[in-house]
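Before any comments, here is the structure.
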Amino acid sequence: MHELSLAIEIGRLSEEKLGAAVDRCRAVGVDVGTECGVEPSALEFCLEAVLSHPPWRGAKAVLSSPPGDIFQVTWFEIEDDDSPQD
Amino acid sequence: MTVRKIEVRERVMARNDELAAQVRDRLAGHGITAINLMSSPGAGKTTLLERTLAVLAEPLDIAVVAGDVQTQNDADRLAAHTGRLVQAIVTGGACHLDALQVNDALDHIDLDKTRLLIIENVGNLVCPASWDLGEKARVVLFTVTEGDDKPLKYPKMFEKADWVVLTKTDLLPYVPFDMQRAVQNCLQINPKLRFIQVSAMSGHGMDEWFDFLRQSVGPMAGV
């Protein structure tokens with residue numbers, strides 16, 4: 001029922017972690033434990049909305065459902081600009 | 001362009017839990033016990049609190065934080081029974097109270113003149129279970145007009161609770177509620193649960209509820 005506020009919190013804490021790299025983030029991995037009381041499909045829907053607004057540029061939410069009541073952001077995928085500097 | 005993966009382990013509830021710890025510290029600093037009162041809508045939280053405030057508001061220096069999705073009707077009802085402060089939180093659609101709201105509500109309460117803080121959560125048997133508010137005890141109201149399988153359908157609420165108050169026992173003759181099975185279902189989810197049966201209307205069991213509250217602020221509080 002409160003998946004939108006959880007999605008906003010995931011956006012907030014991820015922005016805090018990523019800093020300036022947030023607009024290069026391509027995917028966010030989230031563990032949504034089977035007992036944590038969060039509905040994965042509703043969360044995914046809400047995350048899609050959060051992660052498509054600035055400073056995000058459409059990062060994909062990748063949810064997994066381990067057993068237990070764990071509920072955490074597990075990883076980010078960042079795209080690095082590694083073109084030669086001159 | 002190369003894509004690299006950064007491993008992190010950030011609990012989504014971490015911020016709420018930090019705020020809940022702040023609330024807990026604040027309350028401890030003033031020797032206040034907090035109880036988080038939860039149930040489905042209509043289980044009788046406000047009526048139970050009305051009766052409670054009428055008897056114990058002054059002797060136990062009770063302050064109440066009442067959460068509602070819309071309106072402050074509950075807070076108004078409760079305020080009619082006590083000169084002590086009843087602080088309303090209107091969540092504006094949100095399905096639960098969080099620690100930030102409770103922390104803000106504490107700013108409006110005279111903590112030096114409070115010994116017991118009762119937080120009346122939003123009526124909802126799902127979401128409030130996930131949010132630590134800094135309480136010492138979680139009390140779930142479970143009414144006899146509900147199915148006696150409620151604990152099995154909403155396990156997290158009962159798993160996280162300390163006490164179950166079975167309410168509206170005056171209606172037992174008129175409903176198919178099996179008290180023994182209800183208690184068994186609760187214990188199946190959480191063997192540590194303790195129980196009080198009350199009817200706020202008839203007064204049945206209210207002394208036991210009052211004793212529970214008295215003990216929770218007494219010198220043995222926390223034991």
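The values are calculated or read from the model by the stated rules, or taken from the named source; none is laboratory data. Computed from a predicted structure; not experimentally measured. Every residue, glycine among them, receives a Cβ derived from its backbone with ideal geometry; neighbour counts consider all protein chains shown.
So which of B:3, B:8, B:69, B:65 ends up being farther than 19 Å from residue B:120 by Cβ, surrounded by 15 or more Cβ atoms within 10 Å (Cβ to Cβ), at pLDDT below 95 and not charged (D, E, K, R)?
Answer to the check: B:8.
So if I check each of A:27, A:20, which one is without any contact (Cβ under 8 Å) to a residue 12 or more places away in the chain and either of a type in the set (A, V, I, L, M, F, W, C) or farther than 18 Å from residue A:55 by Cα (or both)?
Result: A:20 is the single residue among A:27, A:20 that is without any contact (Cβ under 8 Å) to a residue 12 or more places away in the chain and either of a type in the set (A, V, I, L, M, F, W, C) or farther than 18 Å from residue A:55 by Cα (or both).
Given B:51, B:24, which one is within 18 Å of residue B:99 (Cα to Cα) and surrounded by 17 or more Cβ atoms within 10 Å (Cβ to Cβ)?
It is B:24.
Quick check on segment B:7-62: of everything there that is among the β-branched types (Val, Ile, Thr) and outside any helix (DSSP H, G or I), which residue is nearest to the chain's Cα centre (by Cα)?
Only one residue tops the list, namely B:35.
Within segment A:1-23, restricting attention to residues that are in contact with an Asp or Glu (Cβ under 7 Å, 6 or more places away or on another chain) and facing another protein chain (nearest Cβ under 9 Å), which residue is farthest from residue B:2 (Cα to Cα)?
A:13
Tell me which residues, restricted to segment A:18-42, are assigned to a strand (DSSP E or B) and closer than 19 Å to residue A:5 by Cα.
Listed by number, the residues that qualify are A:28, A:29, A:30, A:31, A:32.
Name the single residue, out of those in segment B:11-44 being of a type in the set (Lys, Arg) and over 24 Å from residue B:113 (Cβ atoms), that is nearest to the other protein chains (Cβ to nearest Cβ).
B:11
Looking at segment A:44-86, which of its residues are more than 14 Å from chain B (Cβ to nearest Cβ), under 30 Å from residue B:155 (Cβ atoms), part of a loop (DSSP other than H, G, I, E, B) and not hydroxyl-bearing (Ser, Thr, Tyr)?
A:67 - this is the single residue of segment A:44-86 that is more than 14 Å from chain B (Cβ to nearest Cβ), under 30 Å from residue B:155 (Cβ atoms), part of a loop (DSSP other than H, G, I, E, B) and not hydroxyl-bearing (Ser, Thr, Tyr).
Quick one: how many residues across segment A:50-64 are at pLDDT 95 or above and either charged (D, E, K, R) or more than 18 Å from residue A:76 (Cβ to Cβ) (or both)?
So the answer is 1.
Determine which member of the set B:132, B:98, B:148, B:112 is charged (D, E, K, R), within 14 Å of chain A (Cβ to nearest Cβ) and farther than 20 Å from residue B:75 by Cα.
B:132
Does residue A:31 meet the test of being surrounded by fewer than 16 Cβ atoms within 10 Å (Cβ to Cβ) and within 10 Å of chain B (Cβ to nearest Cβ)?
No.
Report, by residue number, each residue of segment B:151-176 that is buried (at least 16 other Cβ atoms within 10 Å of the Cβ), over 26 Å from residue B:211 (Cα atoms) and not hydroxyl-bearing (Ser, Thr, Tyr).
Selection gives B:155, B:156.
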